[in-house]
1. Which members of the stretch 160-202 meet the condition of being within 15 Å of the ligand (Cβ to nearest atom), surrounded by fewer than 18 Cβ atoms within 10 Å (Cβ to Cβ) and polar (S, T, N, Q)?
2. It is to be established whether one or more residues within the stretch 77-89 are crowded, with 19+ Cβ neighbours inside 10 Å and in a loop (DSSP other than H, G, I, E, B).
3. For the stretch 143-154, which residues satisfy the criterion of being crowded, with 20+ Cβ neighbours inside 10 Å and either in a helix (DSSP H, G or I) or touching a Leu at 6+ places or on another chain (Cβ under 8 Å) (or both)?
4. If you take the residues of the stretch 117-140 that are of a type outside the set (A, V, I, L, M, F, W, C) and within 22 Å of S304 (Cβ to Cβ), which of them is surrounded by the fewest Cβ atoms within 10 Å (Cβ to Cβ)?
5. For the stretch 61-68, check the following and say yes or no: at least one residue is surrounded by fewer than 22 Cβ atoms within 10 Å (Cβ to Cβ) and within 12 Å of the ligand (Cβ to nearest atom).
6. Which pairs turn up if I take residues in the stretch 256-279 that are more than 10 Å from R216 (Cβ to Cβ) and look for partners that are in a helix (DSSP H, G or I) and among the acidic types (D, E) with beta carbon separation below 7 Å, at least 6 apart in sequence or on another chain?
7. Condition test on Q116, is it within 16 Å of the ligand (Cβ to nearest atom), within 28 Å of Y34 (Cβ to Cβ) and not aromatic (F, W, Y)?
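The values are calculated or read from the model by the stated rules, or taken from the named source; none is laboratory data. Because the structure is a prediction, the values reported are computed rather than measured. Cβ coordinates were reconstructed from backbone atoms using ideal geometry, including for glycine residues, and neighbour counts include every protein chain displayed.
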Amino acid sequence: MPKRIFSGAQPTNQLHLGNYLGALRNWVELQHEYESLFCVVNLHAHTIQQDPKVLAEKTRELARIYLAVGIDPQVSTIFVQSDVPAHAELAWLLNCVTRMSELDRMTQFKEKGRKQRENTSVGLFDYPVLMAADILLYQTDLVPVGEDQKQHLELTRDLAIRFNRDFGETFRVPDPFIPKVGARIMSLHDPTKKMSKSDENPNSSILLLDDADAVRRKFKRAVTDSGTEIRFDPARPAITNLLTIYQLLTKQTPEEIEAHFADKGYGHLKAELADVTIDFLTPFQARVHGISDEELDAILNSGSERARALARPTLDAAQAHMGLHGSHIAGR
Ligand code: AQP
């Protein structure tokens, strides 16, 4: 069997440069090496409160973004999670092998749950199990994600190993693919926090659909470190974050970049960073707006059909191994 990758993003709020540099950029590269599935994980979006109409629009917008960054529907399968019921079905089976204590340890739940307090849903607590189902359904080898998903990936591996041990060999145990550079793009407002879709400060993130003025304004307001030198240095996280974005967008080496900015100030770095970001975003946004509804429908319909066909044998095997799926009928 060809090696397979699976990944996804939630159609919540607006995708930002961190999502692109940490995850989507790598999907585009890896799709030519692996059989690839990229999912708009709209069931995950409901772990926090959603306006159904907005969610439906965002789901289509995110699929357009996948296409516009360079996911090729002739090569990769693009689909919407809720179009493949096997995700929710397998999540239930995995719920029954997951320990409460494991989910209690998930840092993302602790952070997001803290913000919502008494309105925290069971779904938010259970999010990592649905994510495990997403991945294990497709006998995935590799999962390209940002660093914030590492802990969830470890749980996915633990669940696969436990299920295989207790019920018989069913799932491939996947590996994470976390890029060496860009796995954690930080907030422009607070470089100790990751750039995040749900950050309430609009200046913390460059959104993939921001216009040129917004990009220039946000970089201009980005916090910097004390001192004046422009170089990669973990002790100076704000400048290092800006340089990392510059590095990934220009594909230059850190040495080239440091030499380029050697006699320049922070204002110059921010202006150039805005230029290279706008150069990337302008054609990308034109592609987002150029995809017709008909084209998108055709891609998502064939994507979900293929995903359903790929998911079925694994769900059948998991159910049969657990004594479900007709295995209680005499003679079967
Ligand atoms: N700051 C980041 N740097 C690098 N990668 C990141 N990712 C997220 N933030 C960064 C990666 O983007 C992919 C899609 O993310 P998601 O839609 O599943 O949402 P998330 O991981 O919960 O990220 P956000 O943007 O912070 O959203 P909210 O605020 O809604 O939680 C994933 O591979 C993720 O690792």
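1. T192, S198, N201
2. For the stretch 77-89, residues crowded, with 19+ Cβ neighbours inside 10 Å and in a loop (DSSP other than H, G, I, E, B): present.
3. First, pick out the residues of the stretch 143-154 that are crowded, with 20+ Cβ neighbours inside 10 Å: 143-146, 149, 152-153.
Hits for the stretch 143-154 are V143, P144, V145, Q149, H152, L153.
4. Among residues in the stretch 117-140 that are of a type outside the set (A, V, I, L, M, F, W, C) and within 22 Å of S304 (Cβ to Cβ), the one surrounded by the fewest Cβ atoms within 10 Å (Cβ to Cβ) is G123.
5. No, the stretch 61-68 has no match at all.
6. So the pair list comes out empty.
7. no
Every residue, every condition in (1) in contact with a Cys (Cβ under 8 Å, 6 or more places away or on another chain); (2) assigned to a helix (DSSP H, G or I), yes or no:
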site: F6; (1), (2): yes, no
site: N19; (1), (2): no, yes
site: N26; (1), (2): no, yes
site: E29; (1), (2): no, yes
site: E33; (1), (2): no, no
site: S36; (1), (2): no, no
site: H44; (1), (2): no, yes
site: L55; (1), (2): no, yes
